[in-house]
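We did not get these values from a lab; they are worked out from the coordinates using the rules stated. None of these values were measured; they are calculated from a predicted model. Cβ placement follows ideal geometry from the backbone for every residue including glycine, while neighbour counts extend to all protein chains displayed.
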Amino acid sequence: MKRNFLFSWYETPRGKLLKELEADYLQRSITVSCQQTILQIGGLGWESDFIDCSLYKNYTVLDAKALSSEGARRIQAKAYRLPLQSDSIDMVILPHLLEFDAYRFQTIREVERVLKPEGIVLIMNFNPWSIWVRYQYLLDKKMADNWRGHFISRSRIVDWLKLLNFEITVSSEFYMETVVSTHGKFISSRNSIVATAYAVKAIKRRYNLIPLTPVKNDSPRLALANSLNPSAQLNKHD
């Protein structure tokens, strides 16, 4: 399924509502310093609705077709082969990219590679169980022809991130007029058929192994008084 489905969806009444919710959500979710480096993989064309590129000068949009708002730095490249150094990015945003990416798991691996330890990844996808999303692609024969069942459930995204040592911090669902978020470790994997889309926010953890040194079987250094000379104790009692 081509990413044109996303831009066609944004032109529908429900899509316009989703766009407003996502813009507000992204604006509130970008919590890193304006001096830090943020990478958005997959251009939207309306980045100015949620980010001020004159303030966030290190905000970069990577897209295969160089799509982005004016003012944002652009990189034209493939998501599954990022032309970036390892451990160089503070935050990565993937807005509706993975569900249209044939190499999506390799893309997530690349995201893990370029993120700094404790870096943040934010993924937004359509809800595959949404009756509204499925109804929309059935209405348009071109969309139906492009349909390949690439929509990814939130539970699968969570499993992929955990496999790469990410810690899930926030999980959100986008409804018609609001966004419902769950924080902490008690994140439900249930998918609502009413929610149009979902978002998952996670932190890259890097665990360093601590080598274990062998324990020496030394003799105890403490002993009871006169315990080393029992004959002396017997003579004393005699």
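Would you pull out the residues with amide H under 5 Å of GLY43's amide H, same chain only if 5 or more places away, H placed 1.01 Å from N?
ALA64, LEU67
How far apart, in nm, are two points set 7 Å out from the Cα along the Cα-to-Cβ line at GLN106 and at ASP52?
4.0 nm
Quote to one decimal, in nm, the extra length available between GLN35 and LEU163 on full extension: 0.36 nm per residue of separation minus the C-alpha distance between them.
Net length gain for the segment: 43.1 nm.
Give me the net charge for the shell around TYR80: Cβ to Cβ below 9 angstrom, other residues only, Lys and Arg +1, Asp and Glu -1.
Its environment carries a net charge of +2.
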